[in-house]
Amino acid sequence: MYVTTFLRYVRLGGRCVSARVVQMRNLSGADAINALRPFYFAVHPDFFGRHPREREVNENSLKRLNGYLENLQKPGARSPKPANLTFYVRDTKEKADSSGSLLASGFRPVTFTLQSKDVLSTVLDVLSSCSLSVEHMQDVLKAETEKSSTQQPGIAFYCPIKWDKTYYTFTGFRDPEQELEQARRVEPTLSLWLRNNEPEATKKQNASLPRREELKRLKRELIQKLGLLNIRWQRKWGVAHKCCQLQSLGRLSTQSPEALHILRGHVIVFTDQSGMNASGHVMLGTMDVHHQWTKLFERLPSYRSMFQQSDWLKERISHLLGGIQVIHIERMGPALPLEEHYSTLNTFHKRLLSQRLSLHPRSMQGLTMSLENDLSTPCLHEMGHFIIPTMCDTLQLQNFLQSQAQEARRRMRRKDKLEAEEEDIISSCLQDLSLHSLCKEPSVSSSQMIPCCRRLMEERSPQMQGLHLCISHFYSVMQDGDLCIPWDWKG
């Protein structure tokens, strides 16, 4: 009992939660995919091209794992039967286990049994069975724990545990209080951080140069061969990972060229799930295998039809709301599937038809709006677009749009001005600092990016010359040598 309680304590970020709370916790499909990314990177069949037997084992085990996870997410479904799985795990950055089972080919066989009753526990079991880190899940675990702590009394039991320091010394486990104290230490200045990390970034960047050139070549050739408009990635995967994805698509185009003709004129986005997104781009799930991609290509005509119907719904909504344009804003994280987008538009359109609004046909022209399922009241974004709940009261919506239209136009003019200023200062920063590239995370706004670039040009650190720089919310050296610095870095 003592050991079980402790293990649960460690898994949930240093907090003890009742068994009932643990059972309530369930990751979404997208969250599970994100959490298992190190695992997929270590076992994906595309990395086993020279080892057909191991490739087949991993492909079959992945199908069974995906089926197990899907079953756990189905409401009212029975608990799945225990599943015994075997994977060949590549020796990535994670070290091989102490049993010394790493084969000469660079991977090791791992066999384990799935018998967890929720997605979160299953994900943790898969990672730990393959000796892969769960550090990247700390935010998820913390958020889940905090969510549980806000439940009504009687629904969730929550109590902190404080262990004696000698326990951590004896067991070798990490002391959460000590880690928290380390995290609270003063953030380093930009110059100090660059001095400590620039050599590593330069080394990684130089090592990645051949892969970067290979990525450009593969992307260019596939766009030309398949008649694509573009190839993009939903997440910031490493260059080697992107190359593997393109090589996999290239092999499929050679093996089944007739199946890929239908992609002509499309944008392909490598992301967490296969399908079509709200922008009409073809999504290829990076954890999927070729037959799943092929099935998607067969369904593209029906996706195209749904996308056309979505456009028609947007036009009808615009007509009913005074000419306002319905837009979809792409955010970080999982892409919005077209099916969900169409359902949202259809539901909102039906509500508008049931209660006709008395808006002038062109009173809202030039303005934009997006629909949100998880919102209760309409609001105006700082960038000037309206965010409207799908189930919004139509009378309340009309009053809100009319009262906020002028302010929305003012914010849109400010946004256009900021974006133009941002584009100019990024160009100046690139040139003045002799950077190889300069970008920002989507979560960094123009009003944050502009002062950041100004300060960088004032600082003029020579250690940035020739590097790839990304403005983010944290310091980091990425696997290919890209530097991430927070937009509000300290001088």
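A few points about this structure:
- Residue in region 56-79 that is outside any helix (DSSP H, G or I), of a type outside the set (D, E, K, R), within 30 Å of G250 (Cα to Cα) and at pLDDT 60 or above present: no
- Selection from region 313-338 of residues that are outside any loop (DSSP other than H, G, I, E, B), open to solvent by 80 Å² or more (accessible area, probe 1.4 Å) and under 30 Å from W233 (Cβ atoms): Q325
- One residue from A207, A201, A259 being more than 23 Å from the chain's Cα centre (by Cα) and open to solvent by 40 Å² or more (accessible area, probe 1.4 Å): A207
- Meets criteria (at positive phi, of a type in the set (G, A, S) and surrounded by fewer than 18 Cβ atoms within 10 Å (Cβ to Cβ)) for S443: no
- Evaluated against (1) at pLDDT 65 or above; (2) in contact with a Phe, Trp or Tyr (Cβ under 8 Å, 6 or more places away or on another chain), S149 falls short on exactly one condition, (1).
- Unique match (being open to solvent by 50 Å² or more (accessible area, probe 1.4 Å) and in contact (Cβ under 8 Å) with a residue 24 or more places away in the chain) among H381, H385: H381
- Set L375, L438, L380: member being under 26 Å from the mean Cα position of the chain (by Cα), at pLDDT 90 or above and closer than 27 Å to R316 by Cβ: L380
- Within region 438-491, being closer than 24 Å to A420 by Cβ, of a type in the set (S, T, Y) and not in a loop (DSSP other than H, G, I, E, B) holds for S446, S447, S472.
- Filtered residues of region 348-378 (kept if open to solvent by less than 50 Å² (accessible area, probe 1.4 Å) and in a helix (DSSP H, G or I)): F348, H349, L352
- Every pair of residues 6+ apart whose Cβ atoms lie under 7 Å, when the first sits in region 192-218 and is over 15 Å from S476 (Cβ atoms) and part of a helix (DSSP H, G or I) while the second is open to solvent by 30 Å² or more (accessible area, probe 1.4 Å) and of a type in the set (K, R): L215/K242
- Among residues of region 335-349 that are closer than 21 Å to P301 by Cα and of a type in the set (G, A, S), those with a beta-carbon under 8 Å from a residue that is modelled with pLDDT under 95 and open to solvent by 50 Å² or more (accessible area, probe 1.4 Å) at least six positions away or on a different chain give the pairs A335/Q273.
Residues checked against (1) over 30 Å from E458 (Cα atoms); (2) in a helix (DSSP H, G or I); (3) aliphatic (A, V, I, L, M):
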position	(1), (2), (3)
E382	no, no, no
Q402	yes, yes, no
A405	yes, yes, yes
E421	no, yes, no
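- When the test is whether a residue is under 17 Å from the mean Cα position of the chain (by Cα) and within 24 Å of H349 (Cβ to Cβ), G280 does not pass it.
- Residue match in region 153-167 (condition: closer than 22 Å to D31 by Cβ, open to solvent by less than 60 Å² (accessible area, probe 1.4 Å) and at pLDDT 60 or above): no
- Qualifying residue in region 87-103 (condition: in contact with a Lys or Arg (Cβ under 6 Å, 6 or more places away or on another chain), modelled with pLDDT of 85 or more, buried (at least 17 other Cβ atoms within 10 Å of the Cβ) and not in a helix (DSSP H, G or I)): yes
The values are calculated or read from the model by the stated rules, or taken from the named source; none is laboratory data. These numbers come from a predicted model, not from an experiment. Methodologically, a virtual Cβ is constructed for each residue, glycine included, from the backbone with ideal geometry; neighbour enumeration extends over all protein chains shown. Accessible surface areas use protein heavy atoms only, side chains included; no ligands, DNA or RNA. Shrake-Rupley method; radii C 1.70, N 1.55, O 1.52, S 1.80 Å.
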